[in-house]
Amino acid sequence: MVFEQTQEQIPANLALPAPTAWPFVTAFGLTLLAAGLVTQPVISLVGLVLALRGAVGWFREVLPVEHHEFVRVRPLEQRARPITPAPHAVAQLKPGVAGHRVRIPAEIHPYSSGLKGGIIGGVAMALVACTYGVITYGSIWYPINLLAAVALPSLADADLVQLTAFHSAAFVVGVMTHGVISLLVGLLFAVLLPMLPSRRTAFWSSLVSPLLWSALIWATLRLINPALNARIDWIWFIASQVAFGLTTGYVVHHSKMVETMQTWPLAARAGIEAPGVMPERGSER
């Protein structure tokens, strides 16, 4: 049984939780607290004060008594019309009919191609970086030590003589950092390239993506590590990133793609052994 509300039964106002800005203050304080770890301690101090003040203000909005705000209720004639249901028949799935739940992409590059592309792209980027070190400073160790300076504070303020010399710790840290990042970015290429519609788009994405993350690094490194930012030659840095993107994109894009399960019938995706359910796949075998 459905009861219709009359104008007399509708309250004039409704009590709703009062809006508050304290959650935003708390979130902003936590952001500053984390940002100060890589910039200046005073930023963390300001973030801690804001986070504590925001948390206290937030709790006082609900404890000991929750704050409410009264909102005027519109009359029935001013409200939106109720939704009228319109039932329709639903097509039933048929066993053995492929394509009923196709998702893009239907074929993907194997993850191994991303790892392979990351390794080859990392080598190409290292060659460009080492070429820069030899041409500019006469040493292949300069870009390696500069990369290791991100994790080794002793090299962040080192002079040119130290940066052009061989350091075993810097070599290990630089190679490990460069290798891990190259493998992870190579996996991203393997995942994202199948979603692009054509080879031309894949080429331009391999060219534009390094430019985008180079711009991001350029905009943030001056805040994170100003000393390291002053030593980087950005033209050679961008050239090395473009070499990585084009090489990795080429290797991944020319790898053999594998079919996903999105185009398989439901019985095949569920692993059900039912002869005659998949005539298409059975005929291919």
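Measuring only protein heavy atoms, the 1.4 Å probe finds I181 accessible over about 90 Å².
Each principal axis of the Cα cloud of region 153-241 was taken in turn, and the coordinate range along them, longest first, works out to 49, 25, 20 Å. Peptide packing: for 32-42, 123-133, the average count of neighbouring Cβ atoms within 10 Å per residue gives the ranking 123-133, 32-42, highest mean first.
Selection among V173, I235, V258 by position relative to the dipole of region 146-259 gives V258 as farthest towards the positive end (Cβ unit charges, Cα centre). In the context of the full protein assembly, D159 retains an accessible surface of approximately 80 Å², using a probe radius of 1.4 Å and ignoring ligands and nucleic acids. A simple rule links phi to the HN-Hα coupling: the Karplus curve 6.51 cos²θ - 1.76 cosθ + 1.60 with θ = phi - 60°, which for region 27-34 gives 5, 5, x, 5, 5, 5, 4, 6 Hz, with x for Gly and Pro. The simple spin-label model puts a point 7 Å past each Cα toward its Cβ; for A18 and V191 those points are separated by 4.4 nm. Highest average first, the peptides 205-216, 183-194 ordered by how many other beta carbon atoms sit within 10 Å of their residues are 183-194, 205-216.
Protection proxy ranking for 160-168, 145-153, using the average of other Cβ atoms within 10 Å per residue and placing the highest first: 145-153, 160-168. Could you calculate, for region 109-178, the ratio of the Cα radius of gyration to the Kirkwood radius, expressed as Rg to Rh? Reported Rg/Rh, Kirkwood definition of Rh: 1.06.
The values are calculated or read from the model by the stated rules, or taken from the named source; none is laboratory data. Just so you know, these numbers come straight off a predicted model, no measurement behind them. As a convention, Cβ positions derive from the backbone with ideal geometry for all residues, glycine included, and neighbour counts pool all protein chains shown. Ligands, DNA and RNA are excluded from the accessible area calculation, which covers all protein heavy atoms including side chains. Shrake-Rupley method; radii C 1.70, N 1.55, O 1.52, S 1.80 Å.
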